[in-house]
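This report concerns only the one structure given below.
The values are calculated or read from the model by the stated rules, or taken from the named source; none is laboratory data. Not measured: the values here are computed from a predicted model. In this analysis, Cβ positions are derived from the backbone assuming ideal geometry, glycine residues included, and neighbour counts consider all displayed protein chains.
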Amino acid sequence: MSIELVNRGVDPSRIWMLDISSWGSFWSAIGSGTFNMDVFDKFLSELPSDKRDFKAHMLALSARPVGDHEVELYPVLQACSFGGKQIWRQGQRWVNACFRDYWEPTATSIRRSPANPMQPSPTELRRRIDSLVNGMRGVTCLNMDIVTVLNDPFPSNAVVYMDPPYQSTTSYAFNFDVTSFVNRFRAMNKIPLFVSEGIPLSDNALMLNFGGANGGISGVRKVKHQEWLSLF
(Lines give C-alpha, C1' and ligand atoms only; values in the text may rest on other atoms or scores of the structure.)
Protein backbone atom coordinates (compact mmCIF):
# COMPACT_ATOMS: atom_id res chain seq x y z
CA MET A 1 0.00 0.00 0.00
CA SER A 2 2.77 2.46 0.90
CA ILE A 3 4.69 1.67 -2.27
CA GLU A 4 1.59 2.26 -4.39
CA LEU A 5 0.96 5.59 -2.69
CA VAL A 6 4.50 6.71 -3.53
CA ASN A 7 4.08 5.42 -7.10
CA ARG A 8 1.01 7.66 -7.36
CA GLY A 9 2.89 10.74 -6.24
CA VAL A 10 2.46 10.81 -2.46
CA ASP A 11 5.63 12.06 -0.79
CA PRO A 12 7.15 9.35 1.48
CA SER A 13 7.35 11.84 4.34
CA ARG A 14 3.52 11.85 4.51
CA ILE A 15 3.36 8.11 5.13
CA TRP A 16 3.51 6.53 8.57
CA MET A 17 3.67 2.76 8.91
CA LEU A 18 3.54 0.43 11.91
CA ASP A 19 4.59 -3.19 12.30
CA ILE A 20 5.72 -4.96 15.45
CA SER A 21 7.61 -7.70 13.57
CA SER A 22 10.96 -7.65 11.75
CA TRP A 23 9.15 -6.01 8.83
CA GLY A 24 8.79 -2.99 11.09
CA SER A 25 12.54 -2.96 11.68
CA PHE A 26 13.13 -3.36 7.95
CA TRP A 27 10.84 -0.49 6.95
CA SER A 28 12.24 1.72 9.70
CA ALA A 29 15.71 1.20 8.22
CA ILE A 30 14.42 1.90 4.69
CA GLY A 31 12.72 5.11 5.79
CA SER A 32 15.67 6.38 7.80
CA GLY A 33 18.24 5.48 5.16
CA THR A 34 20.14 3.07 7.43
CA PHE A 35 19.52 -0.11 5.42
CA ASN A 36 22.99 -1.39 4.47
CA MET A 37 23.06 -2.54 0.84
CA ASP A 38 26.64 -3.82 1.19
CA VAL A 39 25.59 -6.22 3.95
CA PHE A 40 22.50 -7.24 1.98
CA ASP A 41 24.64 -7.91 -1.12
CA LYS A 42 26.98 -10.05 0.97
CA PHE A 43 24.08 -12.26 2.07
CA LEU A 44 23.02 -12.63 -1.57
CA SER A 45 26.55 -13.38 -2.75
CA GLU A 46 26.84 -16.23 -0.24
CA LEU A 47 23.76 -18.05 -1.58
CA PRO A 48 24.63 -21.48 -3.04
CA SER A 49 25.07 -21.80 -6.79
CA ASP A 50 22.98 -25.00 -6.76
CA LYS A 51 19.33 -24.32 -5.94
CA ARG A 52 19.11 -27.73 -4.28
CA ASP A 53 21.42 -26.44 -1.55
CA PHE A 54 19.34 -23.38 -0.66
CA LYS A 55 17.29 -25.03 2.08
CA ALA A 56 20.32 -26.27 4.03
CA HIS A 57 22.00 -22.88 3.65
CA MET A 58 18.97 -20.99 4.92
CA LEU A 59 18.53 -23.38 7.85
CA ALA A 60 22.14 -22.72 8.85
CA LEU A 61 21.67 -18.93 8.53
CA SER A 62 18.48 -18.96 10.59
CA ALA A 63 20.15 -21.02 13.33
CA ARG A 64 22.63 -18.23 14.07
CA PRO A 65 21.88 -15.50 16.64
CA VAL A 66 20.04 -12.62 14.98
CA GLY A 67 22.89 -10.17 15.54
CA ASP A 68 23.20 -6.63 14.18
CA HIS A 69 22.00 -7.24 10.61
CA GLU A 70 18.41 -8.30 11.19
CA VAL A 71 16.99 -5.92 8.58
CA GLU A 72 19.39 -6.98 5.81
CA LEU A 73 18.99 -10.73 6.44
CA TYR A 74 15.24 -10.82 7.04
CA PRO A 75 14.10 -10.29 3.41
CA VAL A 76 16.41 -13.11 2.29
CA LEU A 77 15.04 -15.51 4.92
CA GLN A 78 11.46 -14.56 4.17
CA ALA A 79 11.92 -14.99 0.41
CA CYS A 80 12.89 -18.61 1.07
CA SER A 81 10.12 -19.32 3.60
CA PHE A 82 8.02 -22.38 2.82
CA GLY A 83 4.59 -21.24 1.68
CA GLY A 84 5.53 -17.64 2.43
CA LYS A 85 4.86 -18.26 6.13
CA GLN A 86 6.09 -15.52 8.41
CA ILE A 87 9.46 -15.95 10.09
CA TRP A 88 9.84 -13.85 13.21
CA ARG A 89 12.39 -12.82 15.76
CA GLN A 90 12.19 -14.02 19.35
CA GLY A 91 15.00 -12.41 21.32
CA GLN A 92 18.18 -13.37 19.46
CA ARG A 93 16.58 -16.35 17.69
CA TRP A 94 14.66 -16.76 14.44
CA VAL A 95 11.42 -18.68 14.97
CA ASN A 96 9.12 -20.53 12.54
CA ALA A 97 11.98 -20.77 10.05
CA CYS A 98 10.89 -23.43 7.56
CA PHE A 99 12.32 -23.27 4.04
CA ARG A 100 11.51 -24.54 0.55
CA ASP A 101 13.19 -27.40 -1.24
CA TYR A 102 13.88 -27.12 -4.94
CA TRP A 103 10.92 -28.94 -6.50
CA GLU A 104 10.64 -30.45 -9.96
CA PRO A 105 7.40 -31.72 -11.52
CA THR A 106 6.73 -35.45 -11.76
CA ALA A 107 4.95 -37.22 -14.57
CA THR A 108 1.60 -36.73 -12.82
CA SER A 109 2.06 -33.13 -11.65
CA ILE A 110 -0.34 -30.55 -13.06
CA ARG A 111 2.32 -27.90 -12.65
CA ARG A 112 5.00 -28.45 -15.30
CA SER A 113 7.68 -25.96 -14.23
CA PRO A 114 10.08 -26.28 -11.27
CA ALA A 115 9.37 -24.42 -8.04
CA ASN A 116 12.40 -22.44 -6.98
CA PRO A 117 13.49 -22.38 -3.31
CA MET A 118 13.66 -18.56 -3.33
CA GLN A 119 10.79 -16.40 -4.54
CA PRO A 120 11.47 -13.82 -5.78
CA SER A 121 14.86 -14.80 -7.17
CA PRO A 122 18.02 -13.22 -5.70
CA THR A 123 18.31 -10.90 -8.72
CA GLU A 124 14.70 -9.77 -8.50
CA LEU A 125 14.82 -9.41 -4.72
CA ARG A 126 17.87 -7.15 -5.02
CA ARG A 127 16.15 -5.05 -7.68
CA ARG A 128 13.12 -4.57 -5.43
CA ILE A 129 15.14 -3.76 -2.31
CA ASP A 130 17.31 -1.29 -4.23
CA SER A 131 14.13 0.37 -5.51
CA LEU A 132 12.83 0.71 -1.94
CA VAL A 133 16.14 2.12 -0.67
CA ASN A 134 16.09 4.79 -3.37
CA GLY A 135 12.38 5.48 -3.57
CA MET A 136 10.93 5.05 -0.07
CA ARG A 137 13.39 7.01 2.05
CA GLY A 138 11.45 9.39 4.25
CA VAL A 139 8.63 7.08 5.34
CA THR A 140 8.27 6.68 9.09
CA CYS A 141 7.81 3.15 10.39
CA LEU A 142 7.08 2.48 14.04
CA ASN A 143 8.32 -0.92 15.18
CA MET A 144 5.85 -1.33 18.03
CA ASP A 145 2.49 -2.72 19.12
CA ILE A 146 -0.45 -1.31 17.15
CA VAL A 147 -2.53 -0.63 20.28
CA THR A 148 -0.14 2.20 21.13
CA VAL A 149 -1.78 4.32 18.40
CA LEU A 150 -4.96 4.35 20.48
CA ASN A 151 -3.37 6.59 23.10
CA ASP A 152 -4.04 9.79 21.11
CA PRO A 153 -6.33 10.76 18.21
CA PHE A 154 -4.99 10.86 14.66
CA PRO A 155 -4.75 14.13 12.67
CA SER A 156 -8.12 15.10 11.20
CA ASN A 157 -6.83 14.74 7.62
CA ALA A 158 -5.37 11.24 8.08
CA VAL A 159 -6.55 8.05 6.39
CA VAL A 160 -5.69 4.74 8.07
CA TYR A 161 -5.27 1.38 6.32
CA MET A 162 -4.77 -1.79 8.35
CA ASP A 163 -3.83 -5.24 7.09
CA PRO A 164 -4.06 -7.68 10.03
CA PRO A 165 -3.35 -11.43 9.81
CA TYR A 166 -6.27 -13.18 8.14
CA GLN A 167 -8.62 -14.96 10.52
CA SER A 168 -8.53 -18.79 10.49
CA THR A 169 -5.21 -18.95 8.62
CA THR A 170 -1.64 -19.78 9.64
CA SER A 171 -0.77 -17.89 12.81
CA TYR A 172 1.67 -15.01 12.91
CA ALA A 173 3.95 -14.21 15.80
CA PHE A 174 1.77 -11.30 16.87
CA ASN A 175 -2.02 -11.29 16.91
CA PHE A 176 -4.68 -8.95 18.19
CA ASP A 177 -8.46 -8.61 18.31
CA VAL A 178 -9.45 -6.71 15.15
CA THR A 179 -13.01 -5.98 16.28
CA SER A 180 -11.86 -4.61 19.62
CA PHE A 181 -9.27 -2.42 17.92
CA VAL A 182 -11.80 -1.05 15.43
CA ASN A 183 -14.27 -0.20 18.19
CA ARG A 184 -11.63 1.59 20.26
CA PHE A 185 -10.31 3.40 17.18
CA ARG A 186 -13.78 4.59 16.18
CA ALA A 187 -14.49 5.85 19.70
CA MET A 188 -11.52 8.23 19.44
CA ASN A 189 -11.28 9.03 15.72
CA LYS A 190 -13.67 10.20 13.00
CA ILE A 191 -11.24 9.65 10.13
CA PRO A 192 -11.62 6.78 7.59
CA LEU A 193 -10.33 3.38 8.68
CA PHE A 194 -9.89 0.69 6.00
CA VAL A 195 -9.29 -2.92 7.06
CA SER A 196 -8.15 -5.67 4.68
CA GLU A 197 -9.36 -9.16 5.59
CA GLY A 198 -10.39 -12.46 4.04
CA ILE A 199 -14.02 -11.73 4.90
CA PRO A 200 -16.16 -8.55 4.94
CA LEU A 201 -16.04 -6.88 8.37
CA SER A 202 -18.53 -4.05 7.83
CA ASP A 203 -21.62 -3.26 5.77
CA ASN A 204 -19.40 -1.08 3.60
CA ALA A 205 -17.02 -3.67 2.15
CA LEU A 206 -15.61 -4.35 -1.30
CA MET A 207 -14.14 -7.64 -2.50
CA LEU A 208 -10.89 -7.04 -4.36
CA ASN A 209 -10.21 -8.93 -7.57
CA PHE A 210 -6.70 -9.84 -8.67
CA GLY A 211 -5.46 -11.64 -11.76
CA GLY A 212 -3.02 -14.51 -11.94
CA ALA A 213 -3.09 -18.22 -11.25
CA ASN A 214 -4.67 -19.76 -8.19
CA GLY A 215 -1.24 -20.96 -7.07
CA GLY A 216 -0.03 -23.78 -4.91
CA ILE A 217 3.17 -25.70 -5.52
CA SER A 218 1.33 -28.43 -7.47
CA GLY A 219 -0.97 -26.03 -9.32
CA VAL A 220 -4.13 -27.79 -8.11
CA ARG A 221 -5.53 -25.12 -5.79
CA LYS A 222 -9.07 -24.44 -7.02
CA VAL A 223 -9.66 -20.92 -5.74
CA LYS A 224 -7.75 -17.91 -4.47
CA HIS A 225 -8.11 -16.54 -0.98
CA GLN A 226 -10.67 -13.77 -0.97
CA GLU A 227 -9.61 -10.30 0.09
CA TRP A 228 -12.13 -7.75 1.30
CA LEU A 229 -11.57 -4.06 2.02
CA SER A 230 -13.94 -2.86 4.74
CA LEU A 231 -14.52 0.80 5.60
CA PHE A 232 -15.34 1.89 9.14
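Restricting attention to the stretch 149-163, which residues are in contact (Cβ under 8 Å) with a residue 40 or more places away in the chain and either in the same structural domain as Asp11 (by TED's automatic domain parsing) or surrounded by fewer than 16 Cβ atoms within 10 Å (Cβ to Cβ) (or both)?
Answer for the stretch 149-163, where residues must be in contact (Cβ under 8 Å) with a residue 40 or more places away in the chain and either in the same structural domain as Asp11 (by TED's automatic domain parsing) or surrounded by fewer than 16 Cβ atoms within 10 Å (Cβ to Cβ) (or both): Tyr161, Asp163.
Here Tyr161 passes the criteria (1) under 30 Å from Cys98 (Cα atoms); (2) modelled with pLDDT under 95 except the one numbered (2). Right, Arg126: surrounded by fewer than 16 Cβ atoms within 10 Å (Cβ to Cβ) and either touching a residue at least 40 places away in the same chain (Cβ under 8 Å) or part of a loop (DSSP other than H, G, I, E, B) (or both) or not? Against the criterion (surrounded by fewer than 16 Cβ atoms within 10 Å (Cβ to Cβ) and either touching a residue at least 40 places away in the same chain (Cβ under 8 Å) or part of a loop (DSSP other than H, G, I, E, B) (or both)), Arg126 does not qualify.
Every listed requirement among (1) within 30 Å of Phe194 (Cα to Cα); (2) at pLDDT 95 or above is met by Gly84 save one, (2). Is it the case that the stretch 92-102 has a residue that's touching a strand residue (DSSP E or B) at 6+ places or on another chain (Cβ under 8 Å), closer than 23 Å to Asp68 by Cα and of a type in the set (Phe, Trp, Tyr)? Among the residues of the stretch 92-102, at least one is touching a strand residue (DSSP E or B) at 6+ places or on another chain (Cβ under 8 Å), closer than 23 Å to Asp68 by Cα and of a type in the set (Phe, Trp, Tyr), which makes the answer yes.
For the stretch 4-17, the set of residues classified as surrounded by 15 or more Cβ atoms within 10 Å (Cβ to Cβ) and either without any contact (Cβ under 8 Å) to a residue 40 or more places away in the chain or more than 12 Å from Gly31 (Cβ to Cβ) (or both) consists of Leu5 only. Scanning the stretch 43-59 for any residue that is touching a residue at least 12 places away in the same chain (Cβ under 8 Å) and on the phi > 0 side of the Ramachandran plot turns up nothing. Any residue that is part of a strand (DSSP E or B), more than 27 Å from Ala158 (Cα to Cα) and touching a strand residue (DSSP E or B) at 6+ places or on another chain (Cβ under 6 Å) - is there at least one of those in the stretch 67-88? Checked the stretch 67-88: at least one residue is part of a strand (DSSP E or B), more than 27 Å from Ala158 (Cα to Cα) and touching a strand residue (DSSP E or B) at 6+ places or on another chain (Cβ under 6 Å). Beta carbons closer than 6 Å, at least 6 apart along the sequence or on distinct chains, pair a first residue in the stretch 167-184 that is at pLDDT 75 or above with a second that is not in a helix (DSSP H, G or I) for Val178/Pro164; Val182/Phe232.
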